[in-house]
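S.K.: Questions regarding the structure given below will be posed in turn.
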Amino acid sequence: MAGPSAVSTYIVVGAGVFGASTALELVKAGHKVTVLERSQDGFHSPDAASNDLNKIVRADYSDPHYRDLAKETISIWRRSPLLSRFYHETGVLFRSGHNSTEGDAYLDVGVARANEAGSTLLEQPHPGKKLKPSAYHIKSGEEALRCFPPAVRPRLGECISKIGSRAADGQQGYFNARGGWAEADHATRAVLQEAIRLGAQVVSHAQVDEVLFDQGDKTRVVGVKTADGRSFFAGGPDGHVILCAGAWTRGLLKRIAPEQFDAWAPMAPTAQCVITVQLDEEQRRAFKDLPVVFNIETGFYCFEPDEHGLVKAAFHCEGYQRPLPDPSIPSTYPTFTTQQDGPVDESLVSTRAAPRVPADTPQRLLQELGLVYPELAKLKIDSDRICFYSESEDENWIIDYLPRAKGLILAGGDSGHAFKFLPILGQLVCARLGHSQVPSLTPHQDRVFSFAYHTELARQNERVTSSSASASSSSAQATLRGRL
Ligand SMILES: Cc1cc2nc3c(=O)[nH]c(=O)nc-3n(C[C@H](O)[C@H](O)[C@H](O)COP(=O)(O)OP(=O)(O)OC[C@H]3O[C@@H](n4cnc5c(N)ncnc54)[C@H](O)[C@@H]3O)c2cc1C
């Protein structure tokens, strides 16, 4: 264990939310930190999951552990001098979708979880303000409309204006006012920028390809080597290498520890689909301050426009198999057309995902956007994008030492829901390191973030022995995933 007085050198690989947050927490504690990132400017790469217009921030998880963590995190989003300007508490409106009994059940759980006694005590309001109302069922179209600013109400689709009525196929909904969205790219950059201000060294064009072991103790990791041959060393009483490589983690593990991870690793990437449409100036102003809208049935969700009038829409689902961008070529994010037919290395993708991204996905996203805001369905798609989750077996993250590699920690397995925790991810990593400036991991966190836990799960799911289970039985339908 090392406190703030024991200066160590930490190497953080990757500058997405896990890497940036970890780097900041470590330098705040007085340690030396070197962040190695394959991108051209040292910040998260254009194809990183953290590089995005916006991400949902909410605490109504079905899992009470993430719910409580999210409530504490949202309090930081509201109050942090560094991050509050990137957080927009517009609320999140969930609708069940049509004729969806599963969706209805999810809504009941969502409201109950958001309001559970005790956990609400974890929430702190914006400075000088009161907390907004807690989550509630929407019982009528009028109530649904009141979740939106008056100017936009006449421009809403029937899937909103008729929530709770027979005309919308009995569709139900709930509104969680104590959530919203955060500016993903801006906030992640700000965190790394703050780490740099406090002394972190960031090295760009640094694609880590190898870990370096101590000459004497061959199980002790002392540094890393990049693809272009540069070596970087951790040092001091508590120096560590911390891998935060997002969806590239599985491939990286295969390269750095082939004997352990050749056949499997307890996380695998899935491709997810995103589009943006460009509003004109009148629309940009009119559609401001909208809640995030989420359809439980299809996994569709959309945001208000950003300051340039771009509206993002996406599906949150089991995802697709698709080759990851080559780690040696940090480029812009892949789109629906690029790499579509590239070969898929089955040992590097999730076998639970469907084999291909359906070609009509952008149009389906636009159609769903039109159900919420009919006039937006007439716009042209401005951009489309494939973005990758790194899925663990059960959507718990992995923050732990790699087995049989002292000094090497992995922080990832984000499973499509880690962004909102940017303010506290670094604390969790430091807690795993045993640092005294942060609260210790709870017994629950200690267990569910551990490699042993995920290995056991993988065994139970027979992934260790049959890592290439048939993908044909996998469904890409959105499921009632609890954690986004
Ligand atoms: C479409 C989409 C929507 C999402 N929506 C939400 C949401 O609404 N709310 C939410 O909370 N979460 C959301 N998420 C999940 C969230 O984005 C991720 O959980 C989070 O960004 C993962 O961060 P990361 O640091 O693990 O990975 P990344 O952000 O991908 O960062 C990994 C970094 O490591 C670098 N790297 C990789 N390999 C190497 C190497 N060998 N050497 C050096 N550098 C390397 C990469 O260049 C990259 O910059 C969404 C994700 C996607 C894809």
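Any read-out appearing in this document is the output of simple, stated calculations on the displayed coordinates, not a laboratory observation. Fair warning: this is a prediction, and the values are worked out from it, not measured in the lab. As a convention, Cβ positions derive from the backbone with ideal geometry for all residues, glycine included, and neighbour counts pool all protein chains shown.
S.K.: Calculate the length of the line joining the C-alpha centroid of region 367-417 to that of region 110-127, in whole Å.
M.R.: 25 Å
S.K.: Given +1 on the Cβ of Lys and Arg, -1 on the Cβ of Asp and Glu, and no further charges, what dipole in debye does the chain carry about its Cα centre, rounded to the nearest 20? List each step's numbers first, then the result.
M.R.: Values: 51 positive and 57 negative charges, 193 e Å.
Taking the Cα centre of the chain as origin, the dipole is about 920 debye.
S.K.: R0 = 41 Å: FRET efficiency of R364 with R404, Cβ-based, nearest 0.05? Display every interim value, and only then the final one.
M.R.: On the way: r = 45 Å, r/R0 = 1.10.
So the FRET efficiency works out to roughly 0.35.
S.K.: What share of all Cα pairs of region 17-135, in percent, falls into each consecutive 5 Å distance bin?
M.R.: Answer for region 17-135: a P(r) of 2, 9, 15, 17, 17, 16, 11, 7, 4, 1, 0, 0 percent.
S.K.: Hey, another quick one. Quick one: which residues, 5+ away or cross-chain, put their amide H under 5 Å from the amide H of G239? H built at 1.01 Å from N.
M.R.: Counting only residues 5 or more places away or on other chains, the set is T9.
S.K.: Translational diffusion coefficient of region 173-241 at 4 °C, 1.567 mPa s, Stokes-Einstein with Kirkwood Rh over Cα pairs, in µm²/s as a whole number.
M.R.: 84 µm²/s
S.K.: Roughly how big is region 102-246's charge dipole about its Cα centre, with Cβ charges of +1 (Lys, Arg) and -1 (Asp, Glu), in debye to the nearest 20?
M.R.: That gives a dipole near 640 debye.
S.K.: Write down Rg/Rh for the chain, rounded to two decimals, with Rg from the C-alpha atoms and Rh from the Kirkwood relation over Cα pairs.
M.R.: Value, to two decimals: 0.96.
S.K.: Sum -39500 (n - 2.57) across every DSSP H segment of at least 4 residues in the chain, then divide by the residue count to get the 222 nm mean residue ellipticity, nearest 500.
M.R.: -7500 deg cm²/dmol
S.K.: Which is farthest toward the positive dipole end of the chain among I163, T335, P258, measuring Cα position about the Cα centre, with Cβ charges +1 (Lys, Arg) and -1 (Asp, Glu)?
M.R.: It is I163, whose Cα lies furthest towards the positive end.
S.K.: Between Q260 and E142, how high is the FRET efficiency from 1/(1 + (r/R0)^6) when r is the Cβ-Cβ distance and R₀ = 51 Å? Nearest 0.05.
M.R.: Plugging the Cβ-Cβ distance into 1/(1 + (r/R0)^6) gives 0.30.
S.K.: Could I ask something else about it? For the chain, what does the relative contact order come out to in percent, with C-alpha contacts under 8 Å and a separation of six or more?
M.R.: 22 percent
S.K.: For region 340-430, what value does the Rg/Rh ratio take when both radii are computed over Cα atoms and Rh is the Kirkwood radius, given to two decimals?
M.R.: So for region 340-430, dividing Rg by the Kirkwood Rh gives 1.10.
S.K.: Also: Using alpha carbon centroids, what distance separates region 25-40 and region 129-188, in Å?
M.R.: So the two Cα centres are separated by 40 Å.
S.K.: A follow-up question, please. At 0.36 nm per residue, minus the direct Cα-Cα distance, what do K380 and Q437 gain on full extension? Give it in nm, one decimal, please. Don't skip to the end; give the middle numbers.
M.R.: Numbers: separation 57, 0.36 × 57 = 20.52 nm, distance 5.02 nm.
Contour length minus Cα-Cα distance gives 15.5 nm.
S.K.: Go through region 225-237 residue by residue and turn each phi into a ³J(HN,Hα) via Karplus (6.51, -1.76, 1.60, θ = phi - 60°); whole Hz please, and just put x for glycine and proline.
M.R.: Once θ is set to phi - 60°, the couplings for region 225-237 become 10, 8, 4, 8, x, 7, 10, 10, 10, 7, x, x, x Hz.
S.K.: My understanding is that a pair violates if its Cα-Cα distance is over 21 Å; which of K71/K139; K71/K132; K28/K254 do that in this structure?
M.R.: K71/K139; K28/K254
S.K.: Given an 8 Å cut-off on Cα distances and at least 6 residues of separation, report the relative contact order of region 210-305 as a percent. Numbers along the way, then the final one.
M.R.: Numbers: 83 pairs, mean separation 13.3, N = 96.
Reported as a whole number, the value is 14 percent.
S.K.: Explain nothing, just the number: relative contact order of region 57-122, from Cα pairs under 8 Å at least 6 residues apart, as a whole percent.
M.R.: Here the relative contact order equals 39 percent.
S.K.: Of all beta bridges DSSP finds with both residues in the chain, what is the antiparallel percent, to the nearest 5?
M.R.: Here the share of antiparallel DSSP bridges comes out near 70 percent.
S.K.: By what distance, in whole Å, do the Cα atoms of region 246-291 stretch along each of the three principal axes, largest value first?
M.R.: Result for region 246-291: principal-axis Cα extents of 59, 18, 14 Å.
S.K.: Say the dipole of the chain comes from +1 at the beta carbon of Lys and Arg and -1 at that of Asp and Glu; which of F300, P323, G42 then lies farthest toward its positive end?
M.R.: Result: G42.
S.K.: As I understand it, the dipole of the chain uses +1 on the Cβ of Lys and Arg and -1 on the Cβ of Asp and Glu, about the Cα centre. Which of S450, I56, S8 lies farthest toward its positive end?
M.R.: Farthest towards the positive end: S8.
S.K.: I need the fraction of alpha carbon pairs in region 212-293 separated by more than 19 Å, rounded to a whole percent. Mind showing how you got there, number by number?
M.R.: Values: 2019 of 3321 pairs.
For region 212-293, the share of Cα pairs beyond 19 Å comes to 61 percent.
S.K.: Using a basic spin-label model with each label point 7 Å from the Cα along Cα→Cβ, how many nm lie between L122 and S134?
M.R.: Computed distance between label sites L122 and S134 equals 1.3 nm.
S.K.: How tilted is helix 101-115 with respect to the longest principal axis of the chain? Cα atoms for both, answer in degrees (0 to 90, nearest 10).
M.R.: For 101-115 against the chain, the angle is about 70 degrees.
S.K.: Given the Cα-Cα distance of A227 and S331 and 0.36 nm per residue of separation, how much length would full extension add, in nm?
M.R.: Details: separation 104, 0.36 × 104 = 37.44 nm, distance 1.65 nm.
35.8 nm is the gain from fully extending A227 to S331.
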